[in-house]
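Working notes, beginning with the structure itself.
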Amino acid sequence: MRIAALCGSLRTGSYNQALLEAAIERGAAQGLEIVQAQIREFPLFNQDLEADPIPAVAEAKRIIQSADAILLVSPEANYSVPGVLKNAVDWLSRPFRDPTLIGRPMAVIGASTGYMGTIRAQLAWRQMWHFFNAPVFSGAEFVLPMAASLIDEDGRLSDTATLERLDAYLAALAEWVARYGSPS
Ligand SMILES: Cc1cc2nc3c(=O)[nH]c(=O)nc-3n(C[C@H](O)[C@H](O)[C@H](O)COP(=O)(O)O)c2cc1C
């Protein structure tokens, strides 16, 4: 099962990137091949630019379209979704009726330095996904609160209890993708 993942932070030393890397590593044991689609080179969305293909957007679309599901690894910004990832989703949704996101099953996880661990951002993503008429994974939730204390000095998620929670989440996700994943 192939999962295309987007990370909503471009920061060096990002806790969300560390979380995604842990998911990539540990997903393999659950039969999940998690492949990151990079959004760093996406410009700010401007409908004037839609006519000419943007290589970074085209490459991310290619990865997502070959995946059974999409995994958003999202920080929380001001109690909602971060602009950088919303900008990417806006690009990936265009032009109108582009097949990249429509019907594509979605799961969301995230890390934050706050004690709610991105739960409000995750709810906002779920609400947004109604537009894409796609299944959204609800069988388990994964938040990483107080991330600064759980990522080690090498920038890795190494806290045993958190990794066990992540394994349980990925196992439930794998079961769901096997049932609802879209055909490649
Ligand atoms: C503009 C901005 C808004 C933020 N808003 C929230 C928030 O609403 N909730 C929260 O838990 N953390 C918030 N934070 C703190 C982030 O959780 C923290 O910066 C985290 O490290 C971001 O993820 P990253 O490490 O992957 O970049 C905010 C940070 C920024 C820069």
Task: Residue, nearest to Leu166 (Cα to Cα), within the stretch 1-30, restricted to residues that are open to solvent by 40 Å² or more (accessible area, probe 1.4 Å) and assigned to a loop (DSSP other than H, G, I, E, B) - done: Met1
Task: Matching residues in the stretch 31-54 - criterion: being crowded, with 19+ Cβ neighbours inside 10 Å, out of contact with any Phe, Trp or Tyr (no Cβ under 9 Å at 6 or more places or on another chain) and assigned to a loop (DSSP other than H, G, I, E, B) - done: Leu32, Ala37
TODO: Look at the stretch 55-102 and say how many of its residues are assigned to a loop (DSSP other than H, G, I, E, B), open to solvent by 30 Å² or more (accessible area, probe 1.4 Å) and of a type in the set (Ser, Thr, Tyr).
DONE: 2
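Could you check the stretch 54-82 and list, in sequence order, the residues that are closer than 23 Å to Ala174 by Cα and among the hydrophobic types (A, V, I, L, M, F, W, C)?
Ala60, Ile63, Ile64, Ala67, Ala69, Ile70, Leu71, Leu72, Val73
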Open item on the list: Go through the stretch 108-136 and report how many residues are under 27 Å from Pro95 (Cβ atoms) and not in a strand (DSSP E or B).
Closed with: 13
Task: Residue selected from the stretch 46-81 under the condition within 16 Å of the ligand (Cβ to nearest atom) and not small (Gly, Ala, Ser), by the criterion farthest from Trp125 (Cα to Cα) - done: Asn78
Open item on the list: Return the pair list, or none, for Cβ contacts closer than 9 Å from residues in the stretch 43-63 that are closer than 16 Å to Pro95 by Cβ to residues that are open to solvent by 90 Å² or more (accessible area, probe 1.4 Å) and of a type in the set (D, E, K, R), at least 6 apart or on different chains.
Closed with: Ile54/Glu41; Val57/Glu41
Task: Those residues of the stretch 103-119 which are open to solvent by 10 Å² or more (accessible area, probe 1.4 Å) and more than 7 Å from the ligand (Cβ to nearest atom), in sequence order - done: Gly103, Arg104, Tyr115, Ile119
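The values are calculated or read from the model by the stated rules, or taken from the named source; none is laboratory data. Computed from a prediction, not measured in an experiment: that's the story for all the values here. Neighbour counts are summed over all protein chains in view; Cβ atoms, including those assigned to glycine, are modelled from backbone coordinates with ideal geometry. Side chains are part of the model used for accessible areas, which takes the heavy atoms of the whole protein and leaves out ligands, DNA and RNA. Shrake-Rupley method; radii C 1.70, N 1.55, O 1.52, S 1.80 Å.
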